[in-house]
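What follows is calculated from the coordinates using simple rules that are stated; it is not laboratory data. Remember, predicted model here, so these are calculated numbers, not experimental data.
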Amino acid sequence: MLHSRLIRQAYLVLAAVLAACPAFAHSGDGFSGGFTGGFAHPIFGPDHVIAMVAVGLWGAFLGAPAIWLLPIVFPLVMAFGGVLGILGVPLPGVEIAIALSAVVLGLMVALAARPPLWIAAVLVGVFAIFHGHAHGAELPAGANAVAFSVGFVVATGLLHLAGISFGLLARWPTGRLAVRTAGGAIAVAGVAFLNGMR
């Protein structure tokens, strides 16, 4: 029961943070730098939230070892993308790639895609670079880059945990339908983000 207690605690922390702060991801306003700013950035960007939840959903849907490998690959590679963003290394199409990540990862869940594990990890890793770059590029001037990066990696882990928690419902037929439907909803939201960029 330790697992279910940890999940409940993660949801409580996430709910408290969501209730306490307005949405400011990609605006450059509203949060100080450091851990708090980094933690807030992925949580208050709906495009980041749905893609990161989708990683957890897909990992849970695929089962072991993907259930732990995909949520480890994403933050590790995202941290690399964050360094690129902090250093100001240009990366074209960041916002488009973030929206596409929601479309593609949502479709992987909705269509019950089961590619080889290495393909799933590469796909997740490619999208993670763009998510990390967006976080790193928005590091406030004078902020502690390490604390900011730790913040966005911790928030990402919690979002993956939320996806895994819901994705575990796939063990039952009705739960499997619910998880696939959630994947479809994530893909549709990604399409809406893409349309909003026009």
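Computed on the range 109-176, the Cα convex hull volume stands at 102 Å³ per residue.
Note on the range 47-196: Kirkwood hydrodynamic radius from all Cα pairs is 15.1 Å, rounded to one decimal.
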